[in-house]
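This report concerns only the one structure given below.
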Amino acid sequence: MFASLAPATSPAVLMPFLEAYRIVAAVIAAADPAETLDSKTVQARALRLGRQYAAQGRISTPEALSTALFASGIALADNAGLLDNHDQSDRDEFLADIDDALEDLRSVQAAASAFVTTAKTHEMTS
């Protein structure tokens, strides 16, 4: 029954967003708590950090280095009040929440990959 279902596509669609958001969250968490951040500064730092992450193999797709995705992540952080919030624990919590979402998405990706592998093996032996 399940063999006829297409593998989960959500990781491929969502991974660039969450990886970009993770980069933005890391920039915000690393900023001096006394610093009021603006979107232009965060975006420039995110691009630098994102390039570093790409060189280190810490992101799975180059689409995560999109300024449009960074802008979306910055808007999310701004809506949560994190650009002008000087509470480091709030900034760290935002980063932890993004990390949790990425971990969940990677689990879905691994399960989908295992399912496809199992289904293909079953087809070959049937």
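The values are calculated or read from the model by the stated rules, or taken from the named source; none is laboratory data. As the structure is a prediction and not an experimental result, all values here were calculated from the model. So basically every Cβ, Gly included, is an ideal-geometry build from the backbone, and we count neighbours across all protein chains shown.
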Consider only pairs whose beta carbons are under 7 Å apart and that are at least six residues apart or on different chains; among these, list those whose first residue lies in region 9-38 and is hydroxyl-bearing (Ser, Thr, Tyr) and whose second residue is in a helix (DSSP H, G or I).
Ser10/Val108; Tyr21/Gly73; Tyr21/Leu76; Tyr21/Ile98
I'd like to check something: does region 96-105 contain any residue that is more than 12 Å from the chain's Cα centre (by Cα) and either in a helix (DSSP H, G or I) or not hydrophobic (A, V, I, L, M, F, W, C) (or both)?
no
Exclusive hit being touching a Ser or Thr at 6+ places or on another chain (Cβ under 9 Å), at pLDDT 95 or above and not basic (Lys, Arg), set Tyr21, Tyr53
Tyr21
Residue by residue through region 32-91, note down the ones that are in contact with a Phe, Trp or Tyr (Cβ under 6 Å, 6 or more places away or on another chain) and not in a helix (DSSP H, G or I).
Ile59, Leu82
May I ask you to say which residue of Thr67, Thr41 is farther than 13 Å from Ala20 by Cβ and modelled with pLDDT of 95 or more?
Thr41
